[in-house]
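Engineer: Here it is, the structure in full.
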Amino acid sequence: MAVPKRRTSKRKKRARNTHKTAPAVAIQSCPKCGAPKRPHRVCGECGYYGGKQRVAAKEA
């Protein structure tokens, strides 16, 4: 069985793992009310998705 000859340094380990970051969260504005929301989800402020009211709007 293969065994490492030397300990992997912090620099090498971190350089190898640089691409393992979480993707950035996409945010867009709601076309109905302009509030920020995630794409393909019901707006939390007005309750609209796809031009139709899907859930009750949040109380003011």
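FYI, it's all coordinate maths here, none of it is from the lab. Computed from a predicted structure; not experimentally measured.
Engineer: Any lysines with Cα under 30 Å of the residue 20 Cα? List them, leaving off those in the same chain fewer than 8 positions away.
Structural biologist: List returned: 5, 10, 12, 37.
Engineer: Using 0.36 nm per residue of separation minus the Cα-Cα distance, give me the extension gain between residue 25 and residue 52 in nm, one decimal. Walk me through the numbers on the way to the answer.
Structural biologist: Numbers: separation 27, 0.36 × 27 = 9.72 nm, distance 2.45 nm.
7.3 nm is the gain from fully extending residue 25 to residue 52.
Engineer: Quick one: what are the phi-derived ³J(HN,Hα) couplings along region 41-48, Karplus 6.51/-1.76/1.60 with θ = phi - 60°, whole Hz, x for glycine and proline?
Structural biologist: Along region 41-48, the couplings run 9, 5, 5, x, 7, 9, x, 8 Hz.
Engineer: Now a separate question. List every residue whose amide H lies under 5 Å from the amide H of residue 30, counting only residues 5 or more places away in sequence or on a different chain, with H placed 1.01 Å from N in the peptide plane.
Structural biologist: 35, 37
Engineer: Mind sorting out which of (1) 9.9, 28; (2) 11.4, 41; (3) 22.6, 65 is the real Rg and Dmax of the Cα atoms in Å computed from the coordinates?
Structural biologist: Read-out from the structure maps to (3).
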